[in-house]
Amino acid sequence: ITGWGSAVQSVAGGACIGAMAGALLAAVGRKFERDADLLLFAFGLLLVLQGVCRTLHVSAMLATLVSGTVAASVPAVRHRIFDILRPISGLLYAVLFVLAGARLHLDMLMNIGWLGVAYLTGRTLGKLIGGHLAVRRCEPDVAGMRYIPLALLPHAGVALGLTMVYSASGILARE
């Protein structure tokens, strides 16, 4: 399968596999009594999920997002997993950014062109202005509300990650 068919297969396959993994985590996750066991199972399931996605050539990033969403829909599991991960979240973010930085090609930024600059400028201004307007409509005295426009800026990771995955796979390549 080439072109759009391959993209649809990758996305649909990733979503289905992710939903199954999330359902498994939600069902089995309730049975663990010790937090360490649940954490080990979740990380093991994540590794198996990545391997299955690679083997089947489906989107591992989407599968991971969907599995987390499905597992988080079960409140008992969601609260437990977040409580377990809270102490090590800084380490996980550091690993994520080191791995992302290792794949960053600064020389490619020179090829972005005017369209890319216009997109980044428009996106940044849109988030800042939209966030500012949203905060003005809410109670401005609430602590931290003034930081909402800035907090919206770094959330391009999924879009950039999916773009990197599909460009590396050749799906988005020019014909």
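Observations on the structure shown:
- For residue 130: the one exception among (1) under 22 Å from the mean Cα position of the chain (by Cα); (2) at pLDDT 85 or above; (3) part of a helix (DSSP H, G or I); (4) surrounded by 13 or more Cβ atoms within 10 Å (Cβ to Cβ): (1)
- Which numbered condition residue 34 misses (of (1) without any contact (Cβ under 8 Å) to a residue 24 or more places away in the chain; (2) over 18 Å from residue 82 (Cβ atoms); (3) not β-branched (Val, Ile, Thr)): (2)
- Test: residue in segment 152-159 that is loosely packed, with under 12 Cβ neighbours inside 10 Å, modelled with pLDDT of 75 or more and either within 19 Å of the chain's Cα centre (by Cα) or part of a loop (DSSP other than H, G, I, E, B) (or both): no
- When each of 71, 143, 102, 118 is tested for being modelled with pLDDT of 75 or more, exposed (fewer than 13 other Cβ atoms within 10 Å of the Cβ) and small (Gly, Ala, Ser), the lone residue that passes is 118.
- Only one entry of 47, 40 meets the criterion of being over 18 Å from the mean Cα position of the chain (by Cα), surrounded by fewer than 15 Cβ atoms within 10 Å (Cβ to Cβ), of a type outside the set (Gly, Ala, Ser) and in a helix (DSSP H, G or I), and that entry is 40.
The values are calculated or read from the model by the stated rules, or taken from the named source; none is laboratory data. In this text the structure is predicted, and so the values were computed from the model without any measurement. Positions of Cβ are backbone-derived with ideal geometry, glycine not excepted, and every protein chain shown enters the neighbour counts.
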